[in-house]
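Asks: I'd like to ask you about the structure that follows.
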Amino acid sequence: MMDATTVLGSVILLHICIYYLDRYLKEKNSQRYASFLNKVPVKIDFMNVRWATSMFNKALCNWAMMRLNFLCRWYNIGTVITLLLFIPSLILLASTAIVSFDNMMHFKKEEAMLQPVVPGVNLPSYDLPYYLITLLVCTVVHETGHAIAAVSDQVPLVSIGLILWLIIPAAFVELPTSNVAGLSPWKQLKIYCAGVWHNIVLSALAFVMLLMLPILLIPLFQSGDGVSVINLNAYSTDGHHDFQIGDQLTHINDCRVTGAESWKRCLTAVLHESSGFCVDNSYLSSMSPSDQSGCCNDSELSRSHLCFLSLQDIVPKKHYCLRAREVSQLSLAWCSNHIGCSNQSCLMPSFHSESVNETDFSRLIIVKRKNADPILFVGLPNEIFLSVYVSDYVPRIFIGPQFINFIEHLLRYIFSFSAGLAILNVVPCMFMDGQHIVGALSEIVFEGRGNISLKRQIQCALVFLGTSLVVINIAFGVLTLFL
């Protein structure tokens with residue numbers, strides 16, 4: 001898989017080629033190209049492609065005219081809720097900047113509530129499709145809010161369209177500035193707040209759907225009874241005794257797995273606590289203790305056997321070179337010392353190397369699967385966590401969990417990104433909705449008072465504050481990622 005730098009370089013090269021091809025065909029007065037641009041209203045600029053159309057204007061206007069009363073109440077409520085978020089959004093940005101600054105000063109990795117997303121840095125390459133789809137959905141919903149609010153107040157649409165900047169898609173709406181400026185300040189405020197309001201509603205809907213997903217999927221999937229393997233990232237399987245896509249995993253050692261959260265918790269528990277096996281003394285009496293020249297010292301035998309340390313309070317501790325799968329099958333209980341085994345011996349996996357006189361922090365991890373043999377893994381738990389991707393949803397029928405995992409992951413992205421977009425747009429930052437919201441709000445507050453100079457000073461101060469907070473957050477967030 002190509003890394004983020006290669007993908008970005010390829011996209012930039014493609015945009016350059018398209019840009020100069022567009023210029024070349026226009027200079028040559030190509031009739032075919034001119035005919036194509038008439039049919040497909042595409043405008044190609046450097047590093048971005050823009051498509052705009054007015055074909056939906058009439059349909060959108062007719063739809064809004066039939067629902068004027070509802071839309072009036074809808075956007076009145078939305079405007080009030082958006083304004084209530086004004087001060088909390090400024091406080092959130094200020095606190096986020098403080099957290100990011102503290103992270104930089106003390107080289108900490110605490111996550112701030114708001115942080116920039118950089119593909120290939122804090123956005124995994126496999127999450128890029130979710131990121132792009134979410135951006136498109138959130139901006140379409142945002143701009144639809146502006147468009148519907150405008151036509152419901154008799155403001156005609158110029159066009160609606162899409163823009164692709166590098167690989168980032170977004171939607172936009174063009175409104176006649178003079179028509180909007182001729183409206184009352186409250187109606188202007190409704191139009192400016194409509195995009196934020198739609199993002200708030202979209203985020204809330206995504207959150208509710210996430211909560212309802214386990215209930216809605218009961219006929220097709222079960223949850224609370226293990227996890228299902230949906231992907232193996234950079235993990236090579238070795239026969240049917242290894243992880244397979246579709247496996248239902250139920251236990252990690254003696255820790256029961258009920259979902260993705262308990263999967264993480266069980267792997268963490270393995271890292272902090274070693275577990276052994278209670279085996280019958282008669283089994284060990286038939287085995288010869290190792291003299292440290294066998295598998296306990298990284299010999300050829302270690303490829304098929306594992307070194308175990310016998311913990312007993314009667315006889316001295318002894319090392320045994322045994323097959324791990326055989327030991328796990330004979331064991332009836334887990335132990336951490338000899339007390340945990342009644343009239344039996346506790347065998348603990350030993351990774352101490354006499355040759356180099358150091359201890360390996362690897363673990364013997366037994367992952368139980370439903371309708372399949374357990375998986376025996378020797379290594380660190382984080383190797384499994386980083387390589388084996390699991391889902392809470394275990395299929396009841398032939399439908400796999402990959403599709404549901406896609407929907408769940410996408411809903412999580414929409415919930416967080418739409419909420420973040422709402423917060424950023426309500427802040428009075430230059431070139432964003434917040435700047436226009438402050439302008440319309442100040443007109444309402446200072447209406448009839450005639451103090452134009454004070455009104456402008458307050459507008460400038462709020463916009464400066466909001467813009468500074470946004471710039472500082474972006475700068476601190478990016479620096480935190482790369483330090």
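Asks: Multiply the residue separation of Thr268 and Cys460 by 0.36 nm, subtract the distance between their alpha-carbon atoms, and state the gained length in nm to one decimal. Display every interim value, and only then the final one.
Replies: Details: separation 192, 0.36 × 192 = 69.12 nm, distance 5.13 nm.
Working it through step by step, the gained length comes to 64.0 nm.
Asks: Taking 7 Å along the Cα-to-C-beta vector as the label spot, tell me the Arg73-Asp45 distance in nanometres, rounded to one decimal.
Replies: Here the modelled spin labels are 4.1 nm apart.
Asks: Output the relative contact order of the chain, whole-number percent, from Cα pairs under 8 angstrom with separation of 6+ residues.
Replies: Working: 728 pairs, mean separation 91.5, N = 483.
That works out to 19 percent.
Asks: Which of His272, His15, His251, His146 comes first, and how do the rest follow, when ranked by fewest Cβ neighbours within 10 Å?
Replies: On the way: His272 7, His15 20, His251 16, His146 26.
Least crowded to most crowded, the residues run His272, His251, His15, His146.
Asks: Here is a further query. With each pseudo-label sitting 7 Å past Cα toward Cβ, what's the Asp280-Leu83 distance in nm, one decimal?
Replies: Taking the two extended label points, one gets 8.1 nm.
Asks: Can you give me the Kirkwood hydrodynamic radius for the stretch 393-483, using every pair of distinct Cα atoms, in Å to one decimal?
Replies: Hydrodynamic radius (Kirkwood, Cα only) of the stretch 393-483 equals 16.5 Å.
Asks: Please list, ordered by chain and number, the residues whose modelled amide H lies under 5 Å from the amide H of Gly226; skip anything fewer than 5 residues away on the same chain.
Replies: When sequence neighbours closer than 5 places are left aside, the close amide H contacts are Thr258, Gly259.
Asks: Under 5 Å between amide hydrogens, which residues at least 5 positions from Val390 or on another chain qualify, with H placed 1.01 Å from N in the peptide plane?
Replies: Ile230
Asks: Put a dot 7 Å past each Cα toward the Cβ at Arg396 and Arg32; how far apart are the dots in nm?
Replies: 5.6 nm
Asks: Report, as a whole number in µm² per second, the diffusion coefficient that Stokes-Einstein gives for the stretch 1-40 at 4 °C and 1.567 mPa s using the Kirkwood radius over alpha carbon pairs. Present the calculation step by step, with values, prior to reporting the outcome.
Replies: Numbers: Rh = 11.7 Å.
Stokes-Einstein gives a translational diffusion coefficient of 110 µm²/s.
Asks: Sort out for me the Cα centre separation of the stretch 414-455 from the stretch 172-208, rounded to whole Å.
Replies: 11 Å
Asks: Out of Ser345, Gly420, Gly400, whose Cα points farthest toward the positive end of the dipole of the chain (charges: +1 Lys, Arg; -1 Asp, Glu; placed on Cβ)?
Replies: Gly420
Asks: Sticking with this structure for a sec: Compute the length gained on full extension between Glu447 and Ile407: take 0.36 nm times their separation in residues and subtract their Cα-Cα distance, giving the result in nm to one decimal.
Replies: Values: separation 40, 0.36 × 40 = 14.40 nm, distance 4.81 nm.
Value of the extension gain: 9.6 nm.
Asks: Turning to a different aspect of this structure: Can you find, among Val196, Leu410, Val438, the residue farthest towards the positive end of the dipole of the chain? Put +1 on the C-beta of Lys and Arg, -1 on that of Asp and Glu.
Replies: Val438
Asks: Return the FRET efficiency for the residue pair Met287, Leu232: r is the Cβ-Cβ distance, R0 is 22 Å, and the value is rounded to the nearest 0.05.
Replies: Details: r = 35 Å, r/R0 = 1.60.
That pair, Met287 with Leu232, gives E of 0.05.
Asks: A further question on this structure: Could I get the Rg over Rh figure for the chain? Both from C-alpha atoms, Rh via Kirkwood, rounded to two places.
Replies: Result: Rg/Rh = 1.12.
Asks: Compute, for the stretch 1-40, the length of the dipole vector about the Cα centre, with Cβ point charges of +1 (Lys, Arg) and -1 (Asp, Glu) only. Units Debye, rounded to 20.
Replies: For the stretch 1-40, the charge dipole is close to 300 debye.
Asks: Treating only the Cβ atoms of Lys and Arg (+1) and Asp and Glu (-1) as charged, compute the dipole magnitude of the chain about its Cα centre; round to the nearest 20 debye.
Replies: Details: 31 positive and 34 negative charges, 422 e Å.
That gives a dipole near 2020 debye.
Asks: While we're on this one: State the Cα centre-to-centre distance between the stretch 28-50 and the stretch 65-109 in whole Å.
Replies: 39 Å
Every read-out reported here was derived from the displayed coordinates using simple, explicitly stated rules and does not represent laboratory data. Bear in mind that the values here come from a model prediction, so they are computed numbers and not experimental data. All Cβ positions, glycine included, derive from the backbone under ideal geometry; neighbour counts span all protein chains shown.
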